[in-house]
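Asker: Dropping a structure here in structure tokens format, bear with me for questions.
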Amino acid sequence: MNISSVIVIPQPGRAEEVVAALGRLEGVEVAAVSPEGKIIATIEADGDRETVEIYEAMSVLDRVLSVAMVYHQKEDEPDLELAVVA
């Protein structure tokens, strides 16, 4: 399982339209929208190829100026809970 965080920059005044379009993409969840309209979203996908496909689909949506990946993590065993020892 791959988990990525992205920032999506929509055209000015078009954040709501882009949020709606992102919501229709499988594996994408919108986490927040800044007052300026920047959108923070996550991508969850099975593998690298699927992550790239979703990322590319986001970048060609109408009203999207740019998409920047800011975080990526690969979980080999996502069903196992991570134990932290203090």
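The values are calculated or read from the model by the stated rules, or taken from the named source; none is laboratory data. As the structure is a computational prediction, the values presented were derived from the model and not from experiment. With ideal geometry, Cβ positions are generated from the backbone for all residues, glycine too; neighbour counts draw on all protein chains shown.
Asker: Would you check which residues across the range 50-68 are hydroxyl-bearing (Ser, Thr, Tyr) and either surrounded by 15 or more Cβ atoms within 10 Å (Cβ to Cβ) or closer than 11 Å to Asn2 by Cα (or both) and list them?
Answerer: In the first step, residues of the range 50-68 are kept if they are hydroxyl-bearing (Ser, Thr, Tyr); the result is 51, 55, 59, 66.
Answer for the range 50-68, where residues must be hydroxyl-bearing (Ser, Thr, Tyr) and either surrounded by 15 or more Cβ atoms within 10 Å (Cβ to Cβ) or closer than 11 Å to Asn2 by Cα (or both): Thr51, Tyr55.
Asker: Which numbered condition trips up Ser66, out of (1) over 15 Å from the mean Cα position of the chain (by Cα); (2) modelled with pLDDT of 95 or more; (3) not charged (D, E, K, R)?
Answerer: (1)
Asker: For the range 4-29, what are the residues that are out of contact with any His (no Cβ under 6 Å at 6 or more places or on another chain), outside any loop (DSSP other than H, G, I, E, B) and of a type outside the set (A, V, I, L, M)?
Answerer: First, pick out the residues of the range 4-29 that are out of contact with any His (no Cβ under 6 Å at 6 or more places or on another chain): 5-29.
Right, trim to outside any loop (DSSP other than H, G, I, E, B) and you get 5-10, 15-23, 28-29.
Ser5, Pro10, Glu16, Glu17, Gly23, Glu29 - these are the residues of the range 4-29 that are out of contact with any His (no Cβ under 6 Å at 6 or more places or on another chain), outside any loop (DSSP other than H, G, I, E, B) and of a type outside the set (A, V, I, L, M).
Asker: Next question, about the same structure. For the range 34-49, which residues satisfy the criterion of being assigned to a strand (DSSP E or B) and either in contact with a His (Cβ under 8 Å, 6 or more places away or on another chain) or surrounded by fewer than 17 Cβ atoms within 10 Å (Cβ to Cβ) (or both)? Outline the logic, then answer.
Answerer: First pass over the range 34-49, keeping only residues assigned to a strand (DSSP E or B): 39-45.
Passing the criteria: Ile40, Thr42.
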